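The values are calculated or read from the model by the stated rules, or taken from the named source; none is laboratory data. Only a predicted model underlies this, so the values are computations on that prediction, with no experimental measurement involved. For neighbour counting, all protein chains shown are included, and Cβ atoms are generated from backbone atoms with ideal geometry for every residue, glycine included. Note: areas computed on protein heavy atoms with side chains; ligands, DNA, RNA excluded. Shrake-Rupley method; radii C 1.70, N 1.55, O 1.52, S 1.80 Å.
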Amino acid sequence: LIGAANAFTHGAHRSLRAAPLRAATLPGPLAEAPDVGMLPDCPPTIWNSGFDDVVGERDGGGELLECPLEISATDYFGPSEGPNKDAASITAKKDEIMAKLQEHGCVWFKDMELTKSPEGFRSFYDALGLDLCLDPIHTSGLRKMISKKDGIYEEVNKPTLRGHYIGLHQESTHVKTSTYGAFVCFQGATIEGGEFLVADGARILRDLDPAVLQRIYENKVRISVSNLDFDFLAATGPLKQPLMNFFQDLIAKAVAPKFDMELEMLWGSDGKPYRLQAVEPPMSPVNRHPKTGMPVWFCNIHNHARYLRDNRPCTVPEVGMTDVYYGDLSGIPKEDLEHIDEVSRKHIVRVPMQPGDIIFVDNYRMLHGRDIFKGDRFHAVAWFGEQTDANGQKVAVERKQGNMLNEMLNNYVENAF
């Protein structure tokens, strides 16, 4: 969930980033693609995480198919015949594609001509009939929109984060979760690295040591998403406690609600008495897939655990550092964190995406990340939200813009990092 800001030198930035801001120039219906305007909010997280025997149920699952499923566009859709016909070919197979996604969890589309531009990327997900939504933490400003018209966010391409390894995570919070995500490559890293990482949450869950799994499931997890240090309070004498109460109350009431994450502002959770942390509520690290019922590892601990971040390339400033605790805010044993890291890395598939390639993920099942890189890199992502009622019928999700706060915080992020 690390945010993105400007990723290139000014020359490369202008040449690659101009496209999303132009009016669409594709012929036919694509030229008339409507502005998405006020995007639907990311839908609420669907929790179905009560297990009488979490170890036994995860061990009782069926066979897991190839993941990711690789599809060559030229073999599957036929040779490219221009944007409109290519989009029509996708529409003709949309039910089959969505079925493959549910079966495999992730589809890697290769050799795509259509999606080498932002307009073509938009036509890809329009052809599939997917419902765009905001990123779960849109208002945090950590994900910059490169094309508001098309609902496209920039991935983490910012030069100051080239050396930052992004661990495995779902695009989710305790409150909100995207149903699907589509990641596109417009330009791979110009020197080296930057491979996209995916891992199957069902496979990770099945490989976890039973004792580690039982322990973390029973204790639940709480994720701290930010550190605010007020070390000057140590010298304020009798004013210390009133000031601590003031800052805690101020941030809890004025800032935390903007993030839509049910954050609780807590002092000293990591042992530093003057550090105020924004902490999500306790949540299960295991969930059932909302459509298939499959138990999956549904936890961002691989990306957010401070112990793991401190032992791999990390260039995030302290204010953006995260951590993961048990539900009672006690520490998770480092041996358990190391085991979770080992199992997670075992199931990572490194995807050397080429321009036009798309990684289409079921966000409830798949975790994603990104390796460090050198040079310039331009990848993007769009998120899709789907909600159903008790009868399985789609229902509308709340629409909201939220761009003012997003842009304001993006400006801060770009200047501060």
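Enumerate the pairs (first residue in the stretch 248-259 and of a type in the set (Phe, Trp, Tyr) and modelled with pLDDT under 80; second residue anywhere and part of a helix (DSSP H, G or I) and open to solvent by less than 70 Å² (accessible area, probe 1.4 Å)) with beta-carbon separation below 9 Å, excluding pairs fewer than 6 apart on the same chain, so at least 6 apart or on different chains.
From the stretch 248-259, the pairs are PHE259/THR139; PHE259/SER140.
Quick grid of which residues meet (1) out of contact with any Leu (no Cβ under 6 Å at 6 or more places or on another chain); (2) at pLDDT below 95; (3) closer than 27 Å to MET244 by Cβ:
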residue	(1), (2), (3)
LEU276	no, no, yes
PRO281	yes, no, yes
CYS299	yes, no, no
GLU318	yes, yes, yes
VAL324	yes, no, yes
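Condition first: hydroxyl-bearing (Ser, Thr, Tyr) and assigned to a helix (DSSP H, G or I). Now tell me which residues in the stretch 62-95 satisfy that.
THR74, TYR76, SER89, THR91, listed by residue number.
Name the single residue, out of those in the stretch 66-79 being touching a residue at least 40 places away in the same chain (Cβ under 8 Å) and either out of contact with any His (no Cβ under 6 Å at 6 or more places or on another chain) or open to solvent by 50 Å² or more (accessible area, probe 1.4 Å) (or both), that is nearest to ASP126 (Cα to Cα).
Filtering the stretch 66-79 for residues that are touching a residue at least 40 places away in the same chain (Cβ under 8 Å) and either out of contact with any His (no Cβ under 6 Å at 6 or more places or on another chain) or open to solvent by 50 Å² or more (accessible area, probe 1.4 Å) (or both), the one nearest to ASP126 (Cα to Cα) comes out as ALA73.
Applying the selection to the stretch 167-215, what residues are open to solvent by 20 Å² or more (accessible area, probe 1.4 Å) and among the polar types (S, T, N, Q)?
GLN187, THR190, GLN214
If you scan the stretch 235-267, which residues turn out to be farther than 22 Å from PRO136 by Cα, surrounded by 13 or more Cβ atoms within 10 Å (Cβ to Cβ) and under 29 Å from the mean Cα position of the chain (by Cα)?
Answer for the stretch 235-267, where residues must be farther than 22 Å from PRO136 by Cα, surrounded by 13 or more Cβ atoms within 10 Å (Cβ to Cβ) and under 29 Å from the mean Cα position of the chain (by Cα): GLN248, LEU266, TRP267.
Within the stretch 328-345, how many residues turn out to be within 22 Å of the chain's Cα centre (by Cα) and either at pLDDT below 95 or not in a helix (DSSP H, G or I) (or both)?
0
Looking at the stretch 218-228 only, could you name the residues that are within 22 Å of the chain's Cα centre (by Cα) and either modelled with pLDDT of 95 or more or open to solvent by less than 10 Å² (accessible area, probe 1.4 Å) (or both)?
Scanning the stretch 218-228 gives LYS220, VAL221, ARG222, ILE223, SER224, ASN227.
Kindly list the number of the only condition in (1) on the phi > 0 side of the Ramachandran plot; (2) modelled with pLDDT of 95 or more that fails for ASN48.
(1)
Table: residues versus (1) in contact with a Pro (Cβ under 7 Å, 6 or more places away or on another chain); (2) buried (at least 21 other Cβ atoms within 10 Å of the Cβ); (3) touching a residue at least 40 places away in the same chain (Cβ under 8 Å); (4) not in a loop (DSSP other than H, G, I, E, B).
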residue	(1), (2), (3), (4)
LYS100	no, no, no, yes
THR115	no, yes, yes, yes
GLY120	yes, yes, yes, yes
PRO136	no, yes, yes, no
ILE146	yes, yes, yes, yes
LYS149	no, no, yes, no
THR160	no, no, yes, yes
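Can you find a residue that is within 26 Å of HIS347 (Cβ to Cβ) and open to solvent by 30 Å² or more (accessible area, probe 1.4 Å) anywhere in the stretch 80-95?
Scanning the stretch 80-95 turns up no residue that is within 26 Å of HIS347 (Cβ to Cβ) and open to solvent by 30 Å² or more (accessible area, probe 1.4 Å).
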